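Engineer: I'd like to ask some things about the structure below.
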Amino acid sequence: MAEEKYTVAEVGPDIEDFLDDVIELAGFSLDFKVSEGETPHPDFENPDIMVRFTGEDVDLLLSNKAELLLALEHLTMEALGMAQDEHARLCFDANDHRVLRVQELRLSAEAAAE
């Protein structure tokens with residue numbers, strides 16, 4: 001049986017409500033957009049839902065190896081009640097950090113292989 005995909009129509013409003021509350025309570029100056037998942041690295045990750053952040057406080061999300069961005073992603077998954085094995089189906093990014101990090105890791109791997 002094929003897994004049912006998460007859709008923006010299905011979980012988008014819940015993600016938006018949760019993140020709006022967290023961002024307001026934390027006092028962050030952030031905006032975000034929830035969209036259908038797309039990735040330039042489908043062989044590496046292929047999420048159903050993508051959440052991209054912009055705004056004055058994006059650097060806070062990306063400091064310490066994007067620790068806060070990853071924590072927000074994890075908390076959102078918990079708030080949605082996603083099972084542990086479904087966590088790859090939701091992806092958070094800011095300033096294309098994730099895309100650039102994958103490219104960086106690939107170049108490192110290629111250099112090491114040579």
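Engineer: Taking region 24-38 as the search range and keeping residues that are of a type outside the set (Ser, Thr, Tyr) and under 15 Å from the mean Cα position of the chain (by Cα), which one is modelled with the lowest pLDDT?
Structural biologist: Residue satisfying both the conditions and the ranking: Glu38.
Engineer: Can you name every residue in region 73-99 that is open to solvent by less than 40 Å² (accessible area, probe 1.4 Å), in contact with a helix residue (DSSP H, G or I) (Cβ under 7 Å, 6 or more places away or on another chain) and part of a helix (DSSP H, G or I)?
Structural biologist: Matches in region 73-99: Thr76, Met77, His87.
Engineer: What about Ala66, is it within 21 Å of Asp31 (Cα to Cα) and either without any contact (Cβ under 8 Å) to a residue 40 or more places away in the chain or in contact with a His (Cβ under 6 Å, 6 or more places away or on another chain) (or both)?
Structural biologist: It is true that Ala66 is within 21 Å of Asp31 (Cα to Cα) and either without any contact (Cβ under 8 Å) to a residue 40 or more places away in the chain or in contact with a His (Cβ under 6 Å, 6 or more places away or on another chain) (or both).
Engineer: Mind checking which residues of region 87-114 are touching a residue at least 12 places away in the same chain (Cβ under 8 Å) and of a type in the set (Asp, Glu)?
Structural biologist: Asp93
Engineer: For region 1-10, give me each residue that is open to solvent by 80 Å² or more (accessible area, probe 1.4 Å) and not in a helix (DSSP H, G or I).
Structural biologist: Residues satisfying the conditions are Met1, Ala2, Glu3, Glu4, Lys5.
Engineer: Say whether the condition of being within 23 Å of Leu105 (Cα to Cα) and out of contact with any Asp or Glu (no Cβ under 8 Å at 6 or more places or on another chain) is met by at least one residue in region 6-21.
Structural biologist: No: region 6-21 contains no residue that is within 23 Å of Leu105 (Cα to Cα) and out of contact with any Asp or Glu (no Cβ under 8 Å at 6 or more places or on another chain).
Engineer: Quick one: which residue in Asn64, Asn46 is at positive phi and either of a type outside the set (A, V, I, L, M, F, W, C) or at pLDDT below 95 (or both)?
Structural biologist: Going through Asn64, Asn46 in turn, just one is at positive phi and either of a type outside the set (A, V, I, L, M, F, W, C) or at pLDDT below 95 (or both): Asn64.
Engineer: Next up: For region 33-54, indicate whether the set of residues that are part of a helix (DSSP H, G or I), over 19 Å from Asp17 (Cα atoms) and either of a type in the set (Ser, Thr, Tyr) or open to solvent by less than 30 Å² (accessible area, probe 1.4 Å) (or both) is non-empty.
Structural biologist: Within region 33-54, none of the residues are part of a helix (DSSP H, G or I), over 19 Å from Asp17 (Cα atoms) and either of a type in the set (Ser, Thr, Tyr) or open to solvent by less than 30 Å² (accessible area, probe 1.4 Å) (or both).
Engineer: Hey, can you tell me all the residues within region 11-23 that are loosely packed, with under 14 Cβ neighbours inside 10 Å and of a type in the set (Asp, Glu)?
Structural biologist: Of everything in region 11-23, those that are loosely packed, with under 14 Cβ neighbours inside 10 Å and of a type in the set (Asp, Glu) turn out to be Asp17, Asp20, Asp21.
The values are calculated or read from the model by the stated rules, or taken from the named source; none is laboratory data. In this text, all values refer to a predicted model and were calculated from it rather than measured experimentally. Glycine gets a Cβ as well: all are built from the backbone with ideal geometry, and neighbour counts include every protein chain shown. What goes into the accessible areas is simple: the full protein's heavy atoms, side chains included, and nothing from ligands, DNA or RNA. Shrake-Rupley method; radii C 1.70, N 1.55, O 1.52, S 1.80 Å.
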